[in-house]
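Shown next, in structure tokens, is the structure this report addresses.
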Amino acid sequence: MKNKVRKAVIPVAGLGTRLLPATKVVPKELLPIVDTPAIQVIIEEVLASGIEEVILVTGRGKGAIEDHFDHSYELEDVLERRGQTDQLDSVRRISGLVRAVSVRQKFPLGLGHAVLCAKDAVGDEPFAVLLPDDIISSSTPCTRQLIDVFEKYNEGVVSLLRVPETDVDRYGIALGENWAPRLHRIRTLIEKPTREQAPSNLAIIGRYVLPAKIFDFLEETAAGADGEIQLTDALQRLARDRALIGYEFEGERHDIGDKLGFLKCNIRTALLNKEIGPQLRAYLRTMVE
Ligand code: G1P
């Protein structure tokens, strides 16, 4: 099928400055959500969405991310000899999880540039983009929800969420016609607008399904907000010259690049964990009384 989405691009070159000093040496994508590195949570979403191949766009100091998905013979050997079969299974499962290739973003020129670095690895087919700062819990994986919209309409799709008006300057903001439940035909996109400039409070969240045509627009995109090559600016071209659908996804989103968002995501995930959830709930009660 021509519009089948088989590949996902995950930019992991970001510096994680909002979580310093934790991210000075450790890539932010490896910080744990309870016991699972954030990047693994993202890759589990990719796989649950039916995507077979992942393209990691990496930068300096991010080698440990690739190691996480590689075999670790010494560790597996020790766990096997000790009879720690549960741990052994969890470690082996990770290395078998995904077919991943890495491309290097040599200069930190922005999200649009990071996606453009994946051009050759993606080729001439539609692809998903997942930003690992955004963790989304939902009954149907968010990327799958977007793929379903893409396959139905055969146009690029971005995920949207209504945010408080005080927060619009942290996002790409969209305006368009709401033509069906959850669906918007996007006309205007502005990256990190001021409150006065913002055309709405509908923010782009870090899930996209895009046609390969976006690479042509990215190649022609000059530096925009924050002096970076912005994916949002190339999406504005796509919306104008072809079409772009905004989709208000179902699910709860956490911005784990932010201290509070990171903690909320951890607490929510831990409360749902069979092993530690009940004890954590009891502990939290003692704290708020
Ligand atoms: C990026 C995008 C922005 C989007 C946001 C979602 O911004 O450029 O359009 O709204 O992700 O998390 P960043 O958070 O990298 O500054």
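The numbers here are math on the coordinates, done by the rules we state, and not lab data. Quick caveat: nothing in here was measured; it's all calculated off a predicted structure. Glycine gets a Cβ as well: all are built from the backbone with ideal geometry, and neighbour counts include every protein chain shown.
What is the set of long-range amide H partners of Ser200 at a cut-off below 5 Å, with H atoms built 1.01 Å from backbone N?
So Ser200 has HN proximity to no qualifying residue.
Using only alpha carbon positions, build the gyration tensor of region 174-218, then give the equivalent ellipsoid semi-axes as the square roots of 5 times its eigenvalues, largest first, whole angstrom.
20, 16, 10
How large is ³J(HN,Hα), in whole Hz, for each residue of region 185-194 in order, when computed from phi with the Karplus curve 6.51 cos²θ - 1.76 cosθ + 1.60 and θ = phi - 60°, using x for Gly and Pro?
Result, rounded to whole Hz: 8, 7, 10, 10, 9, 10, 7, 6, x, 6.
Would you mind checking the pairs Lys106/Lys213; Lys24/Lys119; Lys7/Lys213; Lys119/Lys192; Lys4/Lys28 and listing those with alpha carbons more than 27 angstrom apart?
Lys24/Lys119; Lys4/Lys28
Once both labels are modelled 7 Å past Cα along the beta-carbon direction, what's the Leu284-Lys264 spacing in nm?
Computed distance between label sites Leu284 and Lys264 equals 1.2 nm.
Sequence-distant or interchain residues sharing an amide H contact under 5 Å with Ile33, placed H: which?
Ala38
Going highest first, how would you order 227-238, 40-51, 74-85 by mean Cβ packing within 10 Å?
227-238, 40-51, 74-85
Restricting attention to region 155-226, which GluC sites (Glu not before Pro) occupy a DSSP loop and are surrounded by at most 10 other Cβ atoms within 10 Å?
Within region 155-226, the qualifying GluC sites (Glu not before Pro) (loop, at most 10 other Cβ atoms within 10 Å) are Glu196, Glu220.
Provide the FRET efficiency to the nearest 0.05 for the Arg93-Glu125 pair, computing r from the beta carbons and using R0 = 30 Å.
With R0 = 30 Å, the Cβ-Cβ based efficiency is 0.60.
For Trp179 and Glu80, compute 0.36 nm times the residue count separating them, minus their Cα-Cα distance, and round to one decimal in nm.
Length difference between fully extended and current span is 30.0 nm.
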